[in-house]
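The values are calculated or read from the model by the stated rules, or taken from the named source; none is laboratory data. Everything quoted here is computed from the prediction, not taken from an experiment. Don't worry about glycine lacking a Cβ; one is built from the backbone with ideal geometry, like all the others, and counts go over all protein chains shown.
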Amino acid sequence: MINMIAALGRSALASVMEMGRSGIFLYHSLVALPAPRTNFPLLIRQLYSVGVQSMMIIIVSGLFIGMVISLQGYTILVDYGSEQAVGQMVALSLVRELSPVVTALLFAGRAGSALTAEIGLMKATEQLAGMEMIGVDPLRRIVAPRFWAGFISLPLLSMIFSVVGVWGGMLVGVEWLGIYEGSFWANMQASVDFGEDVLNGIIKAIVFGFVVTWIAVFQGYDCTPTSEGISKATTRTVVYSSLAVLGLDFLLTALMFGDL
Amino acid sequence: MRMRTLELGVGTFMLAGLVALGVLIVNISGLNPAGSKQSYTLYALFENAGGLTQRSMVSMSGVAIGEVVSITIDEQLLKARVEMKISKDVDYLSYDTSAAILTAGLLGEKYIGVTVGADTEMLADGDTIIDTQSSLVLEELIGKFLFNKVNE
């Protein structure tokens, strides 16, 4: 009985400590940013592996999600004779919700887990410790570029996702199902507001980019340096960032659109 | 060589993101350049402005010429007072112009349709359109229909 209570307390303390460590870690890696001359090529390299290589999966899934919303929306709306509203439905659901959230989830699976595994393996093979020994700050050299790369990439990926999704929706709605193209676009443009919808979607993507990369990089840096520890850390990255993204999405939606 | 392909890839990625932002602004949200263009203000008094919202379209013969800025109650006349921003190039709205609240499609948005009259004097900044037709309220329409049926 006493042991159970003690274990409960230990796990609570451990999670508070983990939060504290991640906060300190965040502070250090953000402060470690300057020295643009050496860091810029590193950032480019990370942008390539985090952003550019995620583009394909984002484009393909954006296309299919747009197509599927269009198809589903059409089958429902055609009963009310207002199938022109498909454009508005596709654009609003993509721009407000789906593109930031789905992009962040895919990003956590595609890039976040890779970041965690990479940094975790560096820790397990004592590369990070070696860097510290020769006087190179691993936070500045390894973590900061990866962090910024994720932070920059996710909003861009999310915008690409929206555009490709709308295009896919148009492909199905206009080319295949025969909605009149003019009213498809006009309805969309009349209902999507730049400040209200597009900008809020981008703000969401920025927040998600920050959170997902933070979790990924921290889990890698903080993992137990064994092969089992790395695999656990990678799993944790995907689970934590998915939960964080979905929870934050509700919070942000309530703040932005809920008239609180 | 390796670095160059990297830079090229990242550059393409950034460019794709910016192009996407551009498409989002222009094509999808249809950010109206008329909003930033020169415009003047007109008012219209409606018995009922139900369903009309801010940024609703003001159109003439189906062409957008402006948008609704605000909807308030006129405290003296107890009517809805709609403030509209009309593009400056549209300076041919005569003094007896009429405005009606119309619906785009069956379930569509409400918008204001403007029909020009025959007067030679033109509406200027701050004028009010008096000849108006309110939005269609379905309940009232059904009520009238039933009332007529009873009378028959």
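Conditions (1) more than 24 Å from A:Pro138 (Cα to Cα); (2) in contact (Cβ under 8 Å) with a residue 24 or more places away in the chain, marked per residue:
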residue: A:Lys204; (1), (2): yes, yes
residue: A:Thr213; (1), (2): no, yes
residue: A:Ser231; (1), (2): no, no
residue: A:Ala244; (1), (2): yes, yes
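The set of residues from the range B:49-74 being surrounded by fewer than 19 Cβ atoms within 10 Å (Cβ to Cβ) and among the acidic types (Asp, Glu) comprises just one member, B:Asp74.
Here B:Gly143 qualifies as loosely packed, with under 14 Cβ neighbours inside 10 Å and not β-branched (Val, Ile, Thr).
So that you can scan it fast, the table gives a plain yes or no per residue for (1) within 8 Å of chain B (Cβ to nearest Cβ); (2) over 19 Å from A:Met19 (Cβ atoms):
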position: A:Met188; (1), (2): yes, yes
position: A:Ser191; (1), (2): yes, yes
position: A:Gly195; (1), (2): no, yes
position: A:Val198; (1), (2): yes, yes
position: A:Ile206; (1), (2): no, yes
position: A:Gly209; (1), (2): no, yes
position: A:Thr213; (1), (2): no, no
position: A:Phe218; (1), (2): no, no
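Here A:Ser162, A:Ser227, A:Ser242 are screened, and the one residue that is within 9 Å of chain B (Cβ to nearest Cβ) and small (Gly, Ala, Ser) is A:Ser162. Can you name the number of the only condition in (1) surrounded by fewer than 23 Cβ atoms within 10 Å (Cβ to Cβ); (2) touching a helix residue (DSSP H, G or I) at 6+ places or on another chain (Cβ under 7 Å); (3) modelled with pLDDT under 90; (4) closer than 20 Å to A:Ala117 by Cα that A:Phe210 fails? So the condition that A:Phe210 fails would be (3).
Mind checking which helices (runs of 4 or more DSSP H) fall wholly inside the range A:44-110 and carry at least 3 residues that are in contact (Cβ under 8 Å) with a residue 40 or more places away in the chain and over 16 Å from A:Leu157 (Cα atoms)? Of the helices (runs of 4 or more DSSP H) lying wholly inside the range A:44-110, those with at least 3 residues that are in contact (Cβ under 8 Å) with a residue 40 or more places away in the chain and over 16 Å from A:Leu157 (Cα atoms) span A:55-77, A:86-93.
The set of residues in the range A:168-182 that are within 12 Å of chain B (Cβ to nearest Cβ) and either surrounded by fewer than 18 Cβ atoms within 10 Å (Cβ to Cβ) or touching a strand residue (DSSP E or B) at 6+ places or on another chain (Cβ under 9 Å) (or both) comprises A:Tyr180, A:Gly182. For the range A:94-108, the set of residues classified as more than 12 Å from every other protein chain (Cβ to nearest Cβ) and of a type outside the set (Phe, Trp, Tyr) consists of A:Glu97, A:Leu98, A:Pro100, A:Val101, A:Val102, A:Ala104, A:Leu105, A:Leu106, A:Ala108, listed by residue number.
For the range A:236-256, the criterion of being under 15 Å from A:Val50 (Cα atoms) and surrounded by fewer than 18 Cβ atoms within 10 Å (Cβ to Cβ) is met by none of the residues. Among the residues making up the range B:27-56, those that are modelled with pLDDT of 80 or more and outside any loop (DSSP other than H, G, I, E, B) are B:Ser39, B:Tyr40, B:Thr41, B:Leu42, B:Tyr43, B:Ala44, B:Leu45, B:Phe46. Take B:Gly66 and decide whether it is outside any strand (DSSP E or B), farther than 23 Å from A:Phe184 by Cβ and not aliphatic (A, V, I, L, M). No; evaluated as a whole, the condition is false for this residue.
With respect to B:Val90, determine if the residue is buried (at least 17 other Cβ atoms within 10 Å of the Cβ), touching a Lys or Arg at 6+ places or on another chain (Cβ under 7 Å) and farther than 23 Å from A:Glu83 by Cα. It is false that B:Val90 is buried (at least 17 other Cβ atoms within 10 Å of the Cβ), touching a Lys or Arg at 6+ places or on another chain (Cβ under 7 Å) and farther than 23 Å from A:Glu83 by Cα. Restricting attention to the range B:1-15 and to residues that are facing chain A (nearest Cβ under 9 Å) and either acidic (Asp, Glu) or exposed (fewer than 12 other Cβ atoms within 10 Å of the Cβ) (or both), the residue that is nearest to the chain's Cα centre (by Cα) turns out to be B:Glu7.
Taken over the range A:64-93, residues that are more than 12 Å from chain B (Cβ to nearest Cβ) and at positive phi amount to 0. Listed by first and then second residue, the pairs with beta-carbon distance under 6 Å, at least 6 apart or on different chains, first residue in the range A:3-22 and within 18 Å of A:Thr224 (Cβ to Cβ), second assigned to a helix (DSSP H, G or I), are A:Ser22/A:Phe218.
Looking only at residues in the range A:157-178 that are of a type in the set (A, V, I, L, M, F, W, C), in a helix (DSSP H, G or I) and more than 17 Å from B:Val26 (Cα to Cα), the one that is modelled with the lowest pLDDT is A:Val174.
Each row is one residue, and each column tells you yes or no for (1) under 11 Å from the mean Cα position of the chain (by Cα); (2) free of Cβ contacts under 8 Å to residues at least 40 places away in the same chain.
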residue: B:Val69; (1), (2): yes, yes
residue: B:Met84; (1), (2): yes, no
residue: B:Lys88; (1), (2): no, no
residue: B:Tyr111; (1), (2): yes, no
residue: B:Asp127; (1), (2): no, no
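Within the range B:96-140, the set of residues being among the charged types (D, E, K, R) and surrounded by 15 or more Cβ atoms within 10 Å (Cβ to Cβ) comprises B:Asp96, B:Glu109, B:Lys110, B:Asp127. Among the criteria (1) closer than 21 Å to A:Asn187 by Cβ; (2) crowded, with 17+ Cβ neighbours inside 10 Å, the one B:Phe46 does not fulfil is (1). With respect to the stated conditions, B:Thr120 fails to be closer than 26 Å to A:Phe184 by Cα and of a type in the set (Ser, Thr, Tyr).
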